[in-house]
Amino acid sequence: MKLAVISFTSQGILLGEKIKQILIHEEVVCFTKCQGVLPVGQKEPPIYVEDALGEWTGQVFSAMDGLVFVGAAGIAVRAIAPYVKDKLQDPAVVVCDEKEQFVIPILSGHYGGANELAVRIATGLGAAAVLTTATDVNHKWAVDVFAAKNQLSIGNREGIAKVSAKLLAGDYITFYSAKEVRGSFPPQVTGISDLSDLSDSAAPSGQAVDVWVSTQVPRGKNVLLQLCPRAVWIGMGCKKGKTFEEVEAFFLQTVRNAYIHRTAIAGIASIGEKREEEAFVRLAEKYELEFRTFSAEQLNELPGTFSGSEFVKRQMGVDNVCERAAVLAAGAGAELVEKKQARDGMTIAIAEADWSVTMDEA
């Protein structure tokens, strides 16, 4: 995590340095609004903040994964208030009093990791972590913490509250993952491995699947919350000069027909000659996807069976661009889930990276 620690007194400066040492494996930058001589024992001077606190907060709010305020909670609340947007996007914000008694997460406790950050700091200081989120105080499994730790995107955010509400009410929830689940399922969570015999009324919670972890949207199943690993790579090729509109339409139709959830797509891939193809560049920018390209040599070296074409090999130096690029981008253990499709001088294929999820053991 990239973290900013801000202090306001000489004692706060010392505590900021102590927090940095506790979080030694993170990228921590210490700031201060305190002027004057460094306190005795301070190893490294923090960065002095000349701007108003609100302006500084605006600068670091989107640049950092977390902010730690050493001081009063009210100061932190006023500083971050203009910049708070969304619990799935906001950074973790934690407050620590300068007497090292309490560490309080005040923003993005679960998905942003503020609760866990507060516990780590409190443990290192010998302080009390003050957690107020309902699942934590009731010792229930938090599905958004699980999603964050496994780097899963939220397919439908309203499902988080619904799943949490069931757990808090004492109900069981069902959990399905398309790939391996490591660790033990927590209390009230029932793992489902075979969907073939499951009807919409079979689950204890009244849902076929309460939590669905997959790159694909569920078909014919009643799902409360979808979580998506960013594991899908779209391999593409095209004749020079194809319009963005043509390429986008082909891309969207292929993804839709394969039932791939949009948030599961990590990027698009092609051959090096296409690294500046305007349609591909614009597609990656519009949908905030990584765009990777590979040389013909790299694509040729990839083992496996692909839909080869002698014409393509003569033109590009490799028998297939889209399938090979998708699988190579997805990495070791990747699976080609959609073979090459061609339309109007464009080709496309879909590969899925090898992935798994880990449960915290109960």
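Every number here is computed from the coordinates shown, using simple stated rules; none is lab data. What you see is a predicted model; the values in this text were computed from it and never measured. All Cβ positions, glycine included, derive from the backbone under ideal geometry; neighbour counts span all protein chains shown.
In debye to the nearest 20, how big a dipole does segment 2-132 give about its Cα centre with +1 on each Lys and Arg Cβ and -1 on each Asp and Glu Cβ? For this selection, approximately 180 debye.
Loop-resident GluC sites (Glu not before Pro) (DSSP state other than H, G, I, E or B) in segment 318-362 with no more than 13 further Cβ atoms inside 10 Å of their Cβ: 361. The phi torsions of segment 346-360, fed into the Karplus equation with coefficients 6.51, -1.76 and 1.60 and a -60° offset, translate into couplings of 10, 10, 8, 8, 10, 10, 10, 5, 6, 8, 8, 10, 10, 8, 6 Hz, rounded to whole numbers, with Gly and Pro shown as x. Pairs from the list 162/339; 2/340; 33/85; 33/286 with a Cα-Cα gap above 32 Å: 162/339; 2/340; 33/286. Near residue 189, the amide H atoms lying under 5 Å from its own belong to 173; only residues 5 or more places off or on other chains count, and H is placed 1.01 Å from N.
Take every Cα pair under 8 Å whose residues are at least 6 apart in sequence, average their separation, divide by the length of segment 143-229, and the relative contact order is 35 percent.
Of the residues 72, 231, 1, the one whose Cα sits farthest towards the positive end of the charge dipole of the chain is 231 (charges of +1 on Lys and Arg Cβ, -1 on Asp and Glu Cβ, taken about the Cα centre). Across all C-alpha atoms in the chain, the radius of gyration and Dmax reach 24.6, 74 Å. Residue-wise HN-Hα couplings along segment 308-316, as the Karplus relation 6.51 cos²θ - 1.76 cosθ + 1.60 with θ = phi - 60° gives them from phi, are x, 9, 5, 4, 4, 5, 5, 7, 10 Hz; Gly and Pro carry x. Based on Cα atoms of segment 2-132, Rg over Rh with Rh as the Kirkwood radius reads 0.93. Within segment 58-141, none of the GluC sites (Glu not before Pro) combine a DSSP coil assignment with at most 16 other C-beta atoms in a 10 angstrom radius. The C-alpha radius of gyration of segment 96-250, expressed as a fraction of 2.2 N^0.38 Å, stands at 1.33. Short-range pairs are left out: with C-alpha atoms under 8 Å and at least six residues apart, the relative contact order of segment 2-132 is 22 percent.
If the label point is 7 Å along Cα→Cβ of residue 123, which residues in segment 9-24 have backbone nitrogen under 20 Å from it? 16-24, by backbone N distance to the label point. When the Debye formula is applied to the Cα atoms of segment 232-352, each taken as the same point scatterer, what base-10 log of I(q)/I(0) results at q = 0.13, 0.14, 0.15, 0.20 Å⁻¹? Once normalised to I(0) and log-transformed, intensities are -0.42, -0.49, -0.57, -1.07. Placing +1 on each Lys and Arg Cβ and -1 on each Asp and Glu Cβ, with no other charges, gives segment 282-357 a dipole about its Cα centre of roughly 300 debye. The sum of -39500 (n - 2.57) across all DSSP H runs of n ≥ 4, divided by the residue count of the chain, sets its helix-only mean residue ellipticity at 222 nm to -8500 deg cm²/dmol. The loop-placed chymotrypsin sites (Phe, Trp or Tyr not before Pro) in segment 239-275, going by DSSP, that have at most 16 neighbouring Cβ atoms within 10 Å of their Cβ come out as 259. Placing unit charges on the Cβ atoms only, positive for Lys and Arg and negative for Asp and Glu, gives segment 232-352 a dipole magnitude near 200 debye about its Cα centre.
Remark: the residue 21-residue 358 segment gains 118.5 nm on full extension, using 0.36 nm per residue and subtracting the alpha carbon distance. Secondary structure note: in segment 2-132, about 15% of the DSSP beta bridges are antiparallel. Ranking 167, 269, 13 by Cα position along the charge dipole of the chain, where only Lys, Arg, Asp and Glu carry charges on their C-beta atoms, puts 269 farthest toward the positive end.
For the chain, the relative contact order works out to 12 percent when only alpha carbon pairs closer than 8 Å and six or more residues apart are counted.
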